[in-house]
Amino acid sequence: MASSRISSSHHIDFDSVFSMEDASLASVFESLIATGLKEFLGCPAMFYEAALTEFFANGSVRNGVVVSTIGGTAVEISESVFATTFELPSEGLTDLSDVPKDFVFYARSLFSDSKEQVSISCLKKELKIEYRLLHDILAKTIYVKAGSFDAVTRDRFMLMKAITFDVKINWSTLLFGVLKAMVTPGSKQAKGFAIKIGVVL
């Protein structure tokens, strides 16, 4: 299959992240990586553009498995294959509303850039800089949101809270669910995970 290989810079450079002088920023990254995302966020930044275009065009979900065809060849990606490839944790919360509620009060104060508590749906500018950065990473790399994301959604706030307070997250189910949404006809989920899908393929 002849596809042009494209180099991309959309991956996390952990060395530069951890050399940052700002201890609070470094702490946020360490908390994120500690949840089990190091391989997912730091995988090699190479992907085949033509193959990925075909993957999404022909993709669908069948019996919980993402299926597609590329160059006439059938492709199947199961949750177990996806999780194994990126060493994603398969234990922990799948419903973010199950994050302990007593953490909500602390998070609303901890995340706030002022003396006032933020709501769980707020504007990003109301957050401390390190949590704005964490929010943007989640919006771009986990939820794959296109366009502006100046508003903090409830889901992203709850995920930030889980990461900050070291709550175990089932990244396998959460991320594979996003991938399934990407290939579901009529879904509003933006296409993404290009580098990750390229690695799996």
Quiz item: Taking a 20 Å limit on the Cα-Cα distance, which of the listed pairs Lys145/Lys191; Lys101/Lys140; Lys101/Lys145; Lys140/Lys188; Lys124/Lys196 fall beyond it?
Solution: Lys101/Lys140; Lys101/Lys145; Lys124/Lys196
Quiz item: Between Lys125 and Ser78, what is the label-to-label distance in nm when each label sits 7 Å out along the Cα-to-Cβ direction?
Solution: 5.0
Exercise. Apply the Debye scattering formula to the range 84-148, with a single equal point scatterer on each alpha-carbon and no solvent, then give log10 I(q)/I(0) at q = 0.18, 0.23, 0.25 Å⁻¹.
Key: -0.85, -1.13, -1.18
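What shape does the range 93-201 have by the C-alpha gyration tensor, where a ≥ b ≥ c are the square roots of the eigenvalues, rounded means a/c under 1.5, and otherwise prolate means a/b greater than b/c and oblate the rest?
Because a/c hits 1.5 or more and a/b exceeds b/c, the range 93-201 counts as prolate.
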Practice problem: Quantify how much of the Cα-Cα distance distribution of the range 46-156 extends past 21 Å, in percent. | Solution: 56
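Read-outs: derived from the displayed coordinates by stated rules, not from any lab. Remember, predicted model here, so these are calculated numbers, not experimental data. Every residue, glycine among them, receives a Cβ derived from its backbone with ideal geometry; neighbour counts consider all protein chains shown.
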